[in-house]
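> If you scroll down you'll find the structure; I have some questions about it.
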Amino acid sequence: MERTRMKIYITRRLPEEVIARLQEVFECKWWDREDIPVPRDVLFNEIQEADGILSMVTDSIDSELLDAAPRLRVVSNMAVGFDNIQLEEAKKRNVIVCNTPDVLTETTADLTFALLLATSRRLVESATFLKNDEWQSWSPFLLAGLDVHHKTMGIIGLGRIGQAVARRAAGFGMKLLYFNRNRRLADEQSLGVEYKDLATLLQESDFVCVLTPLKEDTYHLIGEQELSLMKSTAVLINTSRGPVVDEEALYEALKKKLIWGAGLDVFDNEPVRASHPLIHLPNVVAIPHIGSATVETRVAMANLAVDNLMLALTGKAPKYRVC
Ligand code: DGY
């Protein structure tokens, strides 16, 4: 029997009003849990009938899955990152891939800066100290951290989020360096950022913010060699993707105090367990991949993923197409 409506599979429970927009046009099914990803076998089954899917960073969209999806025309990822999708495999099968940049830029930059401040001013340690009733007296160097203002920030990856972090750092009177695959001459002018090669940026920065997407050439971009170039008073912040930093090398560098501290929102294998050695180091502030996690921004991302899906499936240009 000929289908009257195209079918969509949504891999996580989203707000009703967001799903309702899709239901007006398509036949929709979804994984009705917000807290855990759709199991692979369920996704495998559902995708067989789907014309489009609205996916999350936790779904691995690979050749095996794409092979099981003969009707699939669009993968609309509710994230700016798309390292969970095998783009080449999607391209081979003429599957359009979309993402949700822009709407999360300022929110992720806020979180990056919050993590930087929390790490350098030891906020988590200080709050735990109080909760544990350890406070005996004000004392000159009690929980003394590092100044942020007027220091040097090195931004690795001057994309949208990198630029938004630079704007915040300028408000703190910081000197701004960046490293990027391509030089961004216009941004150098407008943001007051100075281009450095990676080694020089690492040597000169007090705060290194990793904001580059995960790609083949950024995997373990920051490893033992790179960490050894950093100042012993430097702080590394990673709000991009875990595998851009070699976790084992980072652990060693932090343990041996080759660098001062790290603020980590992302990890090699997520979710990290409490047994992960990095998160127990006193000079680490670790949080669970919440860069863009505000209610407003997550709703905006979900709506943008819906827009992309609807446009692409109705033969129009999606707002953000990756391939
Ligand atoms: C993204 O958008 O890529 C984030 O990491 C998930 O919100």
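The values are calculated or read from the model by the stated rules, or taken from the named source; none is laboratory data. In this text, all values refer to a predicted model and were calculated from it rather than measured experimentally. Because the Cβ atoms are built from the backbone with ideal geometry, glycine has one as well, and the counts that use them run over all protein chains shown. Protein only, heavy atoms only, side chains kept; ligands, DNA and RNA dropped before computing areas. Shrake-Rupley method; radii C 1.70, N 1.55, O 1.52, S 1.80 Å.
> Tell me which of SER275, SER120, VAL103 sits at the most positive position along the dipole axis of the chain, charges placed on C-beta atoms (Lys, Arg +1; Asp, Glu -1).
Looking along the dipole axis, the top candidate is VAL103.
> Show me 204-214, 276-286 ranked by packing, highest mean number of other Cβ atoms within 10 Å first. Present the calculation step by step, with values, prior to reporting the outcome.
On the way: 204-214: 23.9, 276-286: 16.3.
My ranking of the peptides, most packed first, is 204-214, 276-286.
> Springs between alpha-carbon atoms under 10 Å, Gaussian network over the chain: tell me which of GLU16, GLU252, GLU224 tops the mean-square fluctuations.
Per the Cα network of the chain with a 10 Å cutoff, GLU16 tops the list.
> Using the heavy atoms of the protein chains alone and a 1.4 angstrom probe, what is the accessible area of segment 230-270 per residue in square angstrom? It would help to have the intermediate numbers written out before the result.
On the way: 1510 Å² over 41 residues.
Ligands and nucleic acids excluded, the figure is 37 Å² per residue.
> LYS175: which lysines have alpha carbons under 20 Å from its alpha carbon, excluding same-chain residues fewer than 8 sequence positions away?
List returned: LYS151, LYS196, LYS231.
> For the chain, what % of the accessible area comes from carbon and sulfur atoms, probe 1.4 Å?
Details: 8430 of 16180 Å².
The nonpolar share, carbon plus sulfur, comes to 52 percent.
> Determine Rg/Rh for segment 105-286; Rg is computed over alpha-carbon atoms and Rh is the Kirkwood hydrodynamic estimate from the same atoms. All intermediate terms of the calculation are to be shown ahead of the outcome.
Details: Rg = 16.0 Å, Rh = 16.6 Å.
When Rh is taken as the Kirkwood radius, the ratio is 0.97.
> Under a 1.4 angstrom probe, counting protein chains only, how are TYR195, TYR9 ranked by accessible area, largest first?
Working: TYR195 70, TYR9 5 Å².
From most accessible down to least: TYR195, TYR9.
> What ranking of GLU88, GLU248, GLU188 comes out by heavy-atom accessible area, probe 1.4 Å, highest first? Walk me through the intermediate numbers first.
On the way: GLU88 115, GLU248 150, GLU188 35 Å².
These residues rank, largest area first, as GLU248, GLU88, GLU188.
> Still on this model: Counting heavy atoms of the protein chains only and a 1.4 Å probe, report the per residue accessible area for segment 101-216 as a whole number of Å².
Values: 6050 Å² over 116 residues.
In whole numbers, segment 101-216 has 52 Å² accessible per residue.
> Would you please name the trypsin sites (Lys or Arg not before Pro) within segment 110-183 that are DSSP coil residues with at most 13 other C-beta atoms within 10 Å of their C-beta? Working shown, then result.
Values: sites: ARG121, ARG122, LYS131, LYS151, ARG160, ARG167, ARG168, LYS175, ARG181, ARG183; in loops: ARG121, ARG122, LYS151, ARG181, ARG183.
In loop regions of segment 110-183 (DSSP not H, G, I, E or B), the sparsely surrounded trypsin sites (Lys or Arg not before Pro) are ARG181, ARG183.
> Can you return the lysines within cross-link range of LYS92? Criterion is Cα-Cα under 30 Å, with same-chain partners fewer than 8 residues away left out.
Cα-Cα hits under 30 Å: LYS7, LYS29, LYS215, LYS316, LYS319.
> Out of segment 224-297, which trypsin sites (Lys or Arg not before Pro) are coil in DSSP terms and have no more than 15 other C-beta atoms within 10 Å? Kindly include the intermediate steps, with their values, before the conclusion.
Values: sites: LYS231, ARG241, LYS255, LYS256, LYS257, ARG273; in loops: LYS231, ARG241, LYS256, LYS257, ARG273.
Passing both the DSSP loop test and the Cβ count: LYS256, LYS257, ARG273.
> For segment 62-203, take every pair of Cα atoms, bin their distances at 10 Å starting from 0, and report each bin as a whole percent.
All Cα pairs considered, the percentages come to 10, 26, 23, 21, 14, 4, 1.
> Still on this model: Place a +1 charge on the Cβ of each Lys and Arg in the chain and a -1 charge on the Cβ of each Asp and Glu, then give the dipole magnitude about the Cα centre in debye, rounded to the nearest 20.
Values: 37 positive and 45 negative charges, 133 e Å.
For the chain, the charge dipole is close to 640 debye.
> With +1 on each Lys and Arg Cβ and -1 on each Asp and Glu Cβ, how big is the dipole of segment 216-323 about its Cα centre, in debye rounded to the nearest 20? Don't skip to the end; give the middle numbers.
Working: 10 positive and 13 negative charges, 72 e Å.
Its charge dipole is roughly 340 debye.
> Could you give the Stokes-Einstein D for segment 1-143 in µm² per second, using the C-alpha Kirkwood radius, 10 °C, 1.306 mPa s?
Numbers: Rh = 18.1 Å.
In µm²/s, the coefficient is 88.
> Let me ask you something else. If packing is taken as the average number of other Cβ atoms within 10 Å across a peptide's residues, how do 309-321, 49-61 rank, most packed first?
So the order, starting with the most tightly packed, is 49-61, 309-321.
> Same structure, new question: State the three equivalent ellipsoid semi-axes of segment 177-262, derived from the C-alpha gyration tensor as the square roots of 5 times its eigenvalues, in descending order and whole Å. All intermediate terms of the calculation are to be shown ahead of the outcome.
Working: eigenvalues 99, 46, 20 Å².
Equivalent ellipsoid semi-axes, largest first: 22, 15, 10 Å.
> Probe radius 1.4 Å, ligands and nucleic acids left out: which of LEU158, LEU14 has the largest accessible area, and how do the rest follow? Don't jump to the answer; show the numbers that get you there.
Details: LEU158 0, LEU14 20 Å².
Of LEU158, LEU14, the descending order of accessible area is LEU14, LEU158.
> Show log10 I(q)/I(0) for the chain at q = 0.09, 0.11, 0.12 Å⁻¹, two decimals, from a solvent-free Debye sum over equal Cα scatterers.
At q = 0.09, 0.11, 0.12 Å⁻¹ the computed log10 ratios are -0.52, -0.75, -0.86.
> Show that you can apply the helix-only estimate: for the chain, add -39,500 (n - 2.57) for every DSSP H stretch of four or more residues, divide by all residues, and state [θ] at 222 nm to the nearest 500.
Values: 12 runs with 112 residues, N = 323.
Result for the chain, helices only: -10000 deg cm²/dmol.
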